[in-house]
Amino acid sequence: MGHDRQVGRVRQLSRYPVKSMLGEELDQAYVDEAGIAGDRSFAVLDCVTGKVASAKNPRLWRDMLTVRSTLTSPGSDGAPAVRLTMADGTTGTVTVTGHADPALSTLLGRDVRLLDRAAPGASIERMDPDQVRTDDDLRIAETAESMLAAGSPPGTFFDFAPLHLITTATLAGLAAHTGRPVDGQRFRPNIVVEVPDPGAGFVENLWPGRRLRIGSEVVAEVVISTPRCVVPALRHGDVEPDVALLRVLSRHNRLHLADVGFLPCAGVYARPLEFGVIRSGDPVEFC
């Protein structure tokens, strides 16, 4: 592997079976055109508004980030299902049906049901992170409708493209600016890439338009830097909320994104081109 092609290695590999819920760390995963198998396979539908539930509107959905989702076998009727672990350790299985799920609706305080395929034109509500400077702002900041999966196969629940990567250099840079460690879990990446120089800063900013080989089989095209929402500032399981992180991103890594705007970013979205298995520890290189 040539030095000029070397990027780093896969430090952490994750998937999030239910959109906006906590996920699971993996030793290996299969990747195809829809990203990591099982990633964002499910979402919660608000039966009142018809929109997909997302912690990007924390006034309604921040409690989703207290629930851990893991893949499980289909229900007795063959319906797709997911296993949920609540903050208090209790567990339960939720299946895809055409009606509201009582337990999930009670947990989230609204009538909701589980989906395993997004309808055409599916959307979420996204809070403007530039309006959030304190915890109080989370109660009053404006939200806007945002369409899902513009860079992904139809029927998927991704915010944009199927893969999301972030580097240890970006996390270290944010930690240097905030004065405390920054857990990569806040950004919900599929792949944390460990790079040789932890002080290199936001190195992914230079990746859009390039192709990455991950392990021996997978090739992905980096599409765009990832514009950040309010989710990194929220509580993620045991990871405490940190609204100051939004100010740091806004001050130190705002980027011009074509047709989108001048936005705070961290990490990149990528589109798989060649499919196969990736493993924790695999090399990552430009190709």
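Within segment 35-52, restricting attention to residues that are under 14 Å from the mean Cα position of the chain (by Cα) and assigned to a loop (DSSP other than H, G, I, E, B), which residue is surrounded by the most Cβ atoms within 10 Å (Cβ to Cβ)? Talk me through it step by step, then tell me what you get.
Step one: filter segment 35-52 for residues under 14 Å from the mean Cα position of the chain (by Cα), giving 35-36, 38-43.
Add one more test, that the residue is assigned to a loop (DSSP other than H, G, I, E, B), and what stays is 38-41.
Working: 38: 20, 39: 25, 40: 28, 41: 23.
The residue in question is 40.
Return the residue satisfying two criteria in turn: it lies in segment 129-142 and is free of Cβ contacts under 8 Å to residues at least 40 places away in the same chain and either assigned to a helix (DSSP H, G or I) or among the charged types (D, E, K, R) (or both), and of such residues it is farthest from residue 56 (Cα to Cα). Step through it out loud before you land on a result.
Quick first cut of segment 129-142, residues free of Cβ contacts under 8 Å to residues at least 40 places away in the same chain only: 131, 136, 140, 142.
Now narrow it down to the ones that are either assigned to a helix (DSSP H, G or I) or among the charged types (D, E, K, R) (or both): 131, 136, 142.
Values: 131: 13, 136: 16, 142: 11 Å.
Ranking the candidates gives 136 first.
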- Within the bounds of segment 161-169, is there any residue that is out of contact with any helix residue (DSSP H, G or I) (no Cβ under 8 Å at 6 or more places or on another chain) and either farther than 21 Å from residue 23 by Cβ or free of Cβ contacts under 8 Å to residues at least 24 places away in the same chain (or both)? no
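Being in a strand (DSSP E or B), touching a strand residue (DSSP E or B) at 6+ places or on another chain (Cβ under 6 Å) and over 30 Å from residue 220 (Cβ atoms) is true for just one of 31, 94, 82. Which residue is that?
Working: 31 fails: over 30 Å from residue 220 (Cβ atoms); 82 fails: over 30 Å from residue 220 (Cβ atoms).
Just a single option satisfies the conditions, and that option is 94.
Out of all the residues in segment 184-192, is one or more within 30 Å of residue 80 (Cβ to Cβ), touching a Lys or Arg at 6+ places or on another chain (Cβ under 6 Å) and basic (Lys, Arg)? Before you say what the answer is, go through the steps one by one.
Narrowing segment 184-192 to residues within 30 Å of residue 80 (Cβ to Cβ): 184-192.
Applying the additional criterion that residues be touching a Lys or Arg at 6+ places or on another chain (Cβ under 6 Å) yields 192.
Cutting the leftovers down to basic (Lys, Arg) gives us none.
Looking through segment 184-192, none of the residues is within 30 Å of residue 80 (Cβ to Cβ), touching a Lys or Arg at 6+ places or on another chain (Cβ under 6 Å) and basic (Lys, Arg).
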- Item | Hits in segment 139-158 (condition: surrounded by 15 or more Cβ atoms within 10 Å (Cβ to Cβ), β-branched (Val, Ile, Thr) and in contact with a helix residue (DSSP H, G or I) (Cβ under 9 Å, 6 or more places away or on another chain)) | 143
- Message: If I filter segment 90-136 down to residues being more than 21 Å from residue 155 (Cβ to Cβ) and of a type in the set (Gly, Ala, Ser), which single residue comes out as surrounded by the fewest Cβ atoms within 10 Å (Cβ to Cβ)?
- Response: 109
- Message: Out of everything in segment 159-183 that is crowded, with 22+ Cβ neighbours inside 10 Å and touching a Leu at 6+ places or on another chain (Cβ under 9 Å), what residue ends up being nearest to residue 56 (Cα to Cα)?
- Response: 159
- Residues in segment 136-143: is at least one more than 16 Å from residue 11 (Cβ to Cβ) and among the small types (Gly, Ala, Ser)? yes
- So how many residues does segment 91-142 have that are of a type in the set (Val, Ile, Thr) and under 27 Å from residue 241 (Cβ atoms)? 8
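Bear in mind that the values in this text are calculations on the coordinates, not laboratory data. Source: prediction; values computed, not measured. Backbone-built Cβ (ideal geometry, glycine too); neighbour counts: all protein chains shown.
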